[in-house]
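Here is the structure we will look at.
The values are calculated or read from the model by the stated rules, or taken from the named source; none is laboratory data. Remember, predicted model here, so these are calculated numbers, not experimental data. Glycine gets a Cβ as well: all are built from the backbone with ideal geometry, and neighbour counts include every protein chain shown. Calculation scope for accessible area: heavy atoms of the full protein, side chains included, ligands and nucleic acids excluded. Shrake-Rupley method; radii C 1.70, N 1.55, O 1.52, S 1.80 Å.
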Amino acid sequence: MATAAEEHAFEKHFFKKPTWCGYCGDFIWGVFNKQGLRCTKCKCDVHKRCCAMALSGTCPGHVVKDHSTPPPVADATTPDMSVTRAHTEPEKPLEKAPENSPAKQPEKKVIDAMFEAFAQGEEKIGPDGAEELCRQLEIEPDNVLALVLAWKFGAKENGYFTRDEFVNGMKSLGCSSISQLRKQLDSINVSLNSNLADMHQLYQFAFEYCKLQPEQKLIENTIAATMINLALDKRPGFKHVERWCAFLSAEGVPSVKAVNKDQWDCFFDFSRQVPDDLANWHSDDPWPCLFDEFVKFCNTH
């Protein structure tokens, strides 16, 4: 057991680039919350679920380069921008957003008050506020409802909501309370199962939401697999989701390390047009070459 001086000092952290757990090696994931923990001394990153086990190890007390972490993908990542003033300040307790509108208070004032409660004096709702919003909505930050929320609010930056996004999103959904918002998210999520046009919009939004910078053209395979699974898993009519995500995540299998927009878009159609047994797939069909690799992967696993 490590002594107090040798123990890690883990704090919640918001990762702005692909990050893998220093304990179990798996990808650290979340839609817009503080996805994991970082040691303030050695900068080791771990899942929340791995924290207790990681604490049993010894902290070197200084930054150690982890060469086991998968390298960043060209054009798919940006410099680490995760350490900002909002993230390095001690966390302060968040006020609970007002649940019910006072009888004569205009709706906009109610929504503005909700924004202020989650933003805690900042210009935007950041990872702390987004996590608190999820807590009050009683949804996990890696639940599909969190993605639906970001989509319906028109969020441009992963992990943040501007005042306009929050206020206009609430108004467009006809909500002025947390309970109303949760009911709307549940209703929208169910309707996606029978509304292909809206489902396609959510899927397209998910690609853009994965980007770390607007000009980014590629999404790293592990992130793409996680987001596609979040958006399409268990949706009626969508096949191959589990196998496609396993293919993208497989060590050394795909010839590319990141997915472009064309490949992302094509999977939406492929998953609906090609049956589970791949019976109507032909190598000369006009699918991107990555799908030839996927079919080979399916046939050998």
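Points to keep in mind about this one:
- Per-region count, the range 246-263, residues part of a helix (DSSP H, G or I), at pLDDT 95 or above and closer than 28 Å to Leu145 by Cβ: 5
- Restricting Asn168, Asn221, Asn158, Asn195 to residues that are surrounded by fewer than 14 Cβ atoms within 10 Å (Cβ to Cβ) and either within 17 Å of Phe270 (Cα to Cα) or not small (Gly, Ala, Ser) (or both) narrows the list to Asn195.
- Cβ-Cβ under 6 Å pairs, at least 6 apart or on other chains, the range 115-141 side in a loop (DSSP other than H, G, I, E, B), far side at pLDDT below 90 and among the small types (Gly, Ala, Ser): Gly126/Ala86; Pro141/Gly30
- Those residues of the range 171-192 which are under 25 Å from Asp265 (Cβ atoms) and open to solvent by 40 Å² or more (accessible area, probe 1.4 Å), in sequence order: Val190, Ser191
- Applying the condition of being in contact with a helix residue (DSSP H, G or I) (Cβ under 9 Å, 6 or more places away or on another chain) and of a type in the set (D, E, K, R) to the range 278-301 and asking which residue is surrounded by the fewest Cβ atoms within 10 Å (Cβ to Cβ) yields Asp285.
- Extreme residue, farthest from Cys298 (Cα to Cα), among residues of the range 249-274 that are without any contact (Cβ under 8 Å) to a residue 40 or more places away in the chain and aliphatic (A, V, I, L, M): Val256
- Residues being open to solvent by 20 Å² or more (accessible area, probe 1.4 Å) and either more than 23 Å from the chain's Cα centre (by Cα) or of a type in the set (A, V, I, L, M) (or both) - total across the range 252-277: 9
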